[in-house]
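See below for the structure under consideration.
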Amino acid sequence: MTTKSDDEVKLIGAWPSPFVLRARVALNLKSVKYEFLQENFAPKSQLLIQSNPVYKKIPVLIHGDKPICESLIIVEYIDEAWSSGPSILPSHPYDRAIARFWSSYIDDKWFPAMKSIAGAAGDDEKKKLIEEVGEGLALLEDALKKISKGKDYFGGDQIGYLDIAFGGFLGWLRVTEASIGVKLLNEATTPGLLNWAHKFAAHHAVKDVLPETGKLLEFAKVLMARNANAAK
């Protein structure tokens, strides 16, 4: 069956997920109307299992009757399937490669380090992880200067692929800052990213779907308590 751009669109996700946020921002950028299906995980819904039988993870975009899985694959699909709104991926092959490189770095190295801070075994390990996250932000600060060419976003004048990839984690970065009492984004070391974060959060495609820091912080506390009880 051929999928058309105006076929019904659904997104299986959960509001705290940074990966789901990526898909929501991309859909909003393209002005795509969609139904958001909140996944509760206890147990996982039959629709999620049927739509993503390999990983059984969110997000899953359902376009017509076709499921698309994995957040950045979904973002690329949205960019290709809908011509409305700005292009998300850069037009030049080299620029696309660079955006994908940094997105992979964020997913494979930077975010795992930040995520591990909460479960660090002792102050020394926590300090090491905080330093690793800070070093990663310094690399991304430099990347922003080079890629944006002095403009507001990694994508230039408009939010692009790398903005979405990194911006998905902005809420959890703020939660981490609140938890450790350290401003990882600051005027001294990452002025460009600090400005970028303010503009990204205020963007019309982001502001209504970016979770509030306080709400995320409460969710994180519940999640940590649940994991601690499960480990007993």
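Derivation of every value follows stated rules applied to the coordinates shown; laboratory data play no part. As the structure is a computational prediction, the values presented were derived from the model and not from experiment. Backbone-built Cβ (ideal geometry, glycine too); neighbour counts: all protein chains shown.
Each DSSP beta bridge with both residues in the chain is either parallel or antiparallel, and the antiparallel ones are about 70%.
Backbone phi angles across region 107-120, fed through the Karplus curve with coefficients 6.51, -1.76 and 1.60 (θ = phi - 60°), yield HN-Hα couplings of 6, 8, 10, 6, 5, x, 5, 5, 5, 6, 4, 4, x, 4 Hz in residue order; Gly and Pro are listed as x. Where in region 28-46 does the label zone of Asp208 land, with the point 7 angstrom along Cα→C-beta and an amide N cut-off under 12 Å? Taking a point 7 Å out along Cα→Cβ of Asp208, the residues of region 28-46 whose backbone N falls under 12 Å are 28-29, 31-34.
Most tightly packed first, judged by the mean number of other beta-carbon atoms within 10 Å of their residues, the peptides 203-211, 83-91 read 203-211, 83-91. Measuring nothing but how far apart in sequence close Cα pairs (under 8 Å, 6+ apart) lie, relative to its length, the chain scores a relative contact order of 21 percent.
FRET efficiency for the Ile73 to Gln50 pair, using the beta carbon distance and R₀ = 22 Å, is estimated at 0.75.
With just the Cα atoms defining each centre, how far is region 72-88 from region 34-53? Give it in Å. Going from one Cα centre to the other spans 22 Å. Of the peptides 8-18, 95-105, the ranking by mean beta-carbon count within 10 Å, highest at the top, reads 8-18, 95-105. For region 9-81, the relative contact order is 40 percent, taking Cα pairs closer than 8 Å that sit 6 or more residues apart in sequence and dividing their mean separation by the residue count. Note on region 42-136: Kirkwood radius taken over Cα pairs, Stokes-Einstein applied at 4 °C and 1.567 mPa s, translational D equal to 80 µm² s⁻¹. Fewest neighbouring Cβ atoms within 10 Å first, the residues Leu185, Leu162 line up as Leu185, Leu162. With 0.36 nm allotted per residue and the present C-alpha distance subtracted, the Asp157-Arg226 stretch has 20.6 nm of extension available. The orientation-averaged projection of the convex hull spanning the C-alpha atoms of the chain amounts to 13.5 square nanometres. Kirkwood hydrodynamic radius computed over region 9-81 comes to 12.0 Å, based on all pairs of distinct alpha carbons. For region 157-224, the convex hull spanned by the alpha carbon atoms encloses 94 Å³ per residue. Fully extending the segment from Trp15 to Ala121 would add 35.3 nm, taking 0.36 nm per residue of separation and subtracting the current Cα-Cα distance.
Rounded to the nearest whole angstrom, the semi-axes of the ellipsoid equivalent to region 93-214, taken from the Cα gyration tensor as √(5λ), stand at 24, 16, 13, largest first.
Report summary: the helix-based calculation at 222 nm, which adds -39500 (n - 2.57) for every DSSP H run with n ≥ 4 and divides by the residues of the chain, gives -16500 deg cm²/dmol.
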